[in-house]
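Have a look at the structure below before the remarks.
The values are calculated or read from the model by the stated rules, or taken from the named source; none is laboratory data. The structure displayed is predicted, hence computed values, not measured ones. All Cβ positions, even for glycine, are placed from backbone atoms using ideal geometry, and neighbour counts span all protein chains on display. Only protein heavy atoms, including side chains, enter the accessible area calculation; ligands, DNA and RNA are left aside. Shrake-Rupley method; radii C 1.70, N 1.55, O 1.52, S 1.80 Å.
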Amino acid sequence: IPISLWWEWLMGVDRWLLVRWSSPLELGWYQLADTISLSLLNLTRAGNSQAQPRLAHLYHHPERSRRYRWRATGWLALALIGAAALLLGGRAWVVAQVGGVGFAPAAAMMGPLVVAYVIVGALQPTYYQLVLQGRTPRLNGWLAGCLGVNVVLNWLLIPSLGGMGAAWATLGTMIIYGMGLFFLLNFPATATGDVKPLPADRDAAAPPPQT
């Protein structure tokens, strides 16, 4: 299963469950909150355009690659946290401008969602390094597990909290996703059987696989 398909399921299952376990009205509020919150990830595009080829260039230098990954993660986190603070501070105004007064409940749902996407954005260098190391099968498995966690959390929270429950379920899932990335990155390569080292004469500066 392509890794992009796992992401599509993971990001879309909450909407289907909201219709099933709550109401279309809650779904509308949640979709607006999620769309606005996801806009934060646009901030990572410039950083990732630098991080991906740099991590590929450092493939044969594990220690330098580790230092660069932490540095890139730190800069992305700072940018995302600053933008998140501004967005959350003005979320009521943003929701009113984008959706109108009828979508006011979406502002509260943005709190957990914004934090969730800060986590996802800041950890993208770690995600790319795992892809470069050939650990896509392990990533697929972890995303499948996160999808299962997301369904369980939504099942527990949506009936009583509606869209707010879906937002908290997304945050909980992304925290677990982030913890899993660090586990996979530090799991011994020989134990996974996934990593296929590049030949010594291969151009290490080649661009990473597209995800």
Looking at the range 70-97, which of its residues are within 13 Å of N48 (Cα to Cα) and of a type in the set (D, E, K, R)? R71
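Scan R15, R67 and give me the residue that is basic (K, R), modelled with pLDDT of 90 or more and either under 30 Å from V101 (Cα atoms) or crowded, with 20+ Cβ neighbours inside 10 Å (or both).
Values: R67 fails: either under 30 Å from V101 (Cα atoms) or crowded, with 20+ Cβ neighbours inside 10 Å (or both).
Criteria check complete, one pass: R15.
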Just name the residue that is farthest from the chain's Cα centre (by Cα) out of those in the range 49-67 that are touching a residue at least 24 places away in the same chain (Cβ under 8 Å) and in a helix (DSSP H, G or I). H57
The lone condition G193 fails out of (1) open to solvent by 50 Å² or more (accessible area, probe 1.4 Å); (2) at pLDDT below 95; (3) at negative phi is (3)
Can you name every residue in the range 28-40 that is modelled with pLDDT under 95 and aliphatic (A, V, I, L, M)? L38, L40
Quick one: would you say V118 is over 16 Å from F183 (Cβ atoms) and in contact (Cβ under 8 Å) with a residue 60 or more places away in the chain? yes
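Out of L32, L80, L43, L76, report the one residue that is open to solvent by less than 30 Å² (accessible area, probe 1.4 Å), of a type outside the set (V, I, T), assigned to a helix (DSSP H, G or I) and in contact (Cβ under 8 Å) with a residue 60 or more places away in the chain. Let's see the steps before the verdict.
Working: L80 fails: in contact (Cβ under 8 Å) with a residue 60 or more places away in the chain; L43 fails: open to solvent by less than 30 Å² (accessible area, probe 1.4 Å); L76 fails: in contact (Cβ under 8 Å) with a residue 60 or more places away in the chain.
Going through L32, L80, L43, L76 in turn, just one is open to solvent by less than 30 Å² (accessible area, probe 1.4 Å), of a type outside the set (V, I, T), assigned to a helix (DSSP H, G or I) and in contact (Cβ under 8 Å) with a residue 60 or more places away in the chain: L32.
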